[in-house]
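For reference, the structure is listed below as structure tokens.
The values are calculated or read from the model by the stated rules, or taken from the named source; none is laboratory data. Here the structure is a predicted model, which means the values were calculated and not measured. Because the Cβ atoms are built from the backbone with ideal geometry, glycine has one as well, and the counts that use them run over all protein chains shown. For accessibility, only protein heavy atoms count, side chains too; no ligands or nucleic acids. Shrake-Rupley method; radii C 1.70, N 1.55, O 1.52, S 1.80 Å.
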Amino acid sequence: MKQNSPVIELTNITKSFGENTILKNLNLSISDGEFVTLLGPSGCGKTTILRLIAGFEQPDEGRILLAGSDITDQPSNKRHVNTVFQSYALFPHMTVFENVAFGLNMDKMSKSEIKAQVNDALRMVKMSDYADRKPSQLSGGQQQRVAIARAVVKKPRILLLDEPLSALDFKLRKQMQVELKQLQRRLGITFIFVTHDQEEALSMSDRVIVMEEGVIQQSGTPKQVYEQPANLFVARFVGEINVLDTVVEKHTDNGFACKIEGFSCEIHSKKRPAEGSKVSILLRPEDLRVEELAKAEKPEAGSIFGRVEETTYKGATLESIIVLPSGKKLLASEFFDEEYEEFDYKLGQDVAISWVDGWEVVLVNE
Amino acid sequence: MNRFFKSMYMLMVYLFLYIPVIILVINSFNSSKYMTGWKGFTLDWYSKLASNTMLLDAAINSFTVAFLSASAATVLGTLTAVTLYRYSFFGKKLLYALVYVVIMSPDIVMGISLLVLFASIKIELGFWTLLVSHITFSIPFVVVTVYSRLSGFDKNVIEAAKDLGADEMRIFKSVILPMSLPAVAAGWLLSFTLSLDDVIVSFFVTGPGYEVLPLRIFSMVRLGVKPEINALCAIILLFSLVMVMTSQFLMRERK
């Protein structure tokens, strides 16, 4: 289904505002029909990338290619790229219909053709009944739909979405995420979606690009980014994670031996960092297994144990903070299941912690 | 008690502001020629005013200049405001500051400097010099009114228009102008009023061949206030009232 020819290529892009270098020698290529999310904290340059593609900003260096042709110097009104803005940016003095028709009017299309296409677009975003309203008479979610219709009616090669859901409440946001995903599949247009919400990024995209300070930290499927973070920044930014710093002591048959917070452990890993090198062992809270220990019970040799400090009921899961003897705190998140519907830990309970071999991520620290 | 003083205070302020105006309007209907006391209701002064051709000519001149100067200032001022808002260029801040300098500078300075200008390039004082001067002092007010409206815009709206394929001309015509229309109209009304009641600048820059209303009244009252002037002022007052209400209405529309 997916074509592999890149629809947009950014090569060696550098962009600064005054003294601030926002993007430094950035390269990015996005395939036709992909749903790509740019994820990162505010100020990481993700919105700048969008504005460069849209043509609102000019790169200091580098070229931008759209479907193979250089558009670096093309003004935004000539690019086959459209934007959905965070603030919706609807024309307040026009009706919903006129807003959606605006772009087609610019293309000098015939009146009847415009009418047909606008109505199609409004039907697609379920806003047909509101064609005669002014934007001020619509709710945030409805305005967002109009903004999307106004952009897709132009049939762009790429649709740029700049944190379009951030102003909506939780439930509506979830609903719009699903609708946007479906819309993208139906239209087959490349979507470039900017967000700082990692959950949104993971649930919607074919590919997530994690950015920090103008540099791409990792680019991969949501699963790759979550399960095999390329570095500590990605690991920490995408979801909760426990980071345990340690030193490789010696190689073993299946991995290497090391001391984690004072406990001797063997890590089963294909990675074999050199003996003596510093590594971080990363564990997602949901990958930790917590077992209660009876008062006098001695923990098994080689396992890690600690004490429950805090538990938080999260509906579907129970989150516990466990303090290790070294003072290090770990976050564990466990699902309630049928057998243990009532499970909860007493504060101060001694527990042993383990995980399935191979589920940890080993990062070698430079 | 506290409330009583508050309302009394308000009442005093408003009485102070409006008593002269009220007396003027009452006197325009007073049959006493010397305004020494109420001698009965009359509309004589209004009919006398209607037959005072010199006064009426001056009034027509005033309205002509006010209309033309307000229209020209609105076009120039709106374009200036859009330029200042839309584009960044060297000296932009200085330009904006200069707009305020004209607003702040006393009329007398404005009047004399314009007079010196016209004298030095040897233009005969009259309609054209008056018109140019009025346009000059009105432009900054339009710029400020329109600019403040523009800076309240979401900049993304203009970017959205561009994104959807509009060139600069279309952005101006289809987005910026309709959205700033209330401020443009308010700017026009403001300029119109400023021109209509300007005495000082007009005094310096008009010639004997083109007399405007405020100057005509000014020269008439040198020989004592005639009741027909009360009548004229009452009419102008009514006119200003309508203007103020219209501009208030337009400004409220912005929300």
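Sort out for me the Cα centre separation of region B:130-194 from region B:1-35, rounded to whole Å. Spelled out, the Cα-based centre of one part sits 39 Å from the other. Measuring only protein heavy atoms, the 1.4 Å probe finds A:GLU292 accessible over about 100 Å².
Counting only alpha carbon atoms, the long axis of helix A:140-152 and the longest principal axis of chain A meet at about 60°. If I take R0 = 30 Å and measure r between the Cβ atoms of A:LYS171 and A:LEU65 in this structure, what FRET efficiency does the formula 1/(1 + (r/R0)^6) give, to the nearest 0.05? In this case the efficiency is close to 0.15.
Rounded to the nearest 20 debye, the dipole size of region B:57-224 about its Cα centre is 280 debye, using +1 on the Cβ of Lys and Arg and -1 on the Cβ of Asp and Glu. Which of the aspartates and glutamates could a cross-linker bridge to A:LYS24, judged by Cα under 18 Å and excluding same-chain residues fewer than eight apart? Reachable aspartates and glutamates: A:GLU9, A:GLU57, A:ASP60, A:GLU61, A:GLU212, A:GLU213. Over the protein assembly as shown, DSSP H runs of length four or greater, each weighted -39,500 (n - 2.57), average out per residue to a 222 nm ellipticity of -14500 deg cm²/dmol.
With a length cut of 18 Å (Cα positions projected on each helix's long axis) and a Kyte-Doolittle mean of at least -0.5, go through chain B and give me the DSSP H helices that pass. Numbers along the way, then the final one.
Values: long enough: B:2-28 (39 Å, 1.39); B:53-86 (49 Å, 1.18); B:92-104 (19 Å, 1.68); B:107-120 (19 Å, 2.13); B:127-151 (36 Å, 1.32); B:177-196 (28 Å, 1.48); B:227-253 (39 Å, 1.33).
Going by DSSP H runs, the hits are B:2-28, B:53-86, B:92-104, B:107-120, B:127-151, B:177-196, B:227-253.
Site pair B:TYR96 and A:GLU249 shows an inter-label distance of 6.6 nm when each label is modelled 7 Å from Cα along Cα→Cβ.
Averaged over its residues, chain A has an accessible area of 50 Å² per residue, based on protein heavy atoms and a 1.4 Å probe. At the listed q of 0.07, 0.08, 0.09 Å⁻¹, the Debye profile of the protein assembly as shown, built from one uniform point per Cα, gives log10 I(q)/I(0) equal to -0.70, -0.81, -0.91. Between A:LYS108 and A:THR11, the simple spin-label model (points 7 angstrom out along Cα→Cβ) gives 3.3 nm. Equivalent-ellipsoid semi-axes for region A:95-219 (Cα gyration tensor, √(5λ), whole Å, largest first): 28, 17, 12.
Of the whole protein surface, A:ASP129 contributes about 140 Å² of accessible area at a 1.4 Å probe radius.
Only the Cβ atoms of Lys and Arg (+1) and of Asp and Glu (-1) were treated as charged; on that basis the dipole of the protein assembly as shown about its Cα centre amounts to roughly 3200 debye.
Summed over both chains, the area buried between B and A is near 1700 Å², taken from the accessible surface of protein heavy atoms with a 1.4 Å probe.
How big is the Cα convex hull of region A:168-290 in projection, averaged over all directions, in nm²?
Values: hull surface 42.1 nm².
Answer in nm², one decimal: 10.5.
GNM on chain A, alpha-carbon springs under 10 angstrom: the most fluctuating residue among A:ASP206, A:ASP197, A:ASP337 is A:ASP337.
Computed from Cα positions, the angle between helix A:96-106 and the longest principal axis of chain A comes to roughly 70 degrees. Suppose R0 equals 35 Å; then what is the FRET efficiency for A:PHE336 and A:LYS278 from their Cβ-Cβ distance, rounded to the nearest 0.05? Given R0 = 35 Å and the Cβ-Cβ separation, E is 0.40.
Counting protein heavy atoms only, the protein assembly as shown has 59 percent of its accessible area on carbon and sulfur, 1.4 angstrom probe.
Working from Cα positions, state the angle (0 to 90°, nearest 10) between the long axis of helix A:170-187 and the longest principal axis of chain A. Approximately 60 degrees, to the nearest 10.
For A:LYS134, a cut-off of 16 angstrom between C-alpha atoms picks up these aspartates and glutamates, skipping any fewer than 8 places away in its own chain: A:GLU98, B:GLU253. The residue among A:THR14, A:VAL238, B:ALA97 whose Cα reaches farthest toward the positive pole of the charge dipole of the protein assembly as shown, with charges on the beta-carbon of Lys, Arg, Asp and Glu, is B:ALA97.
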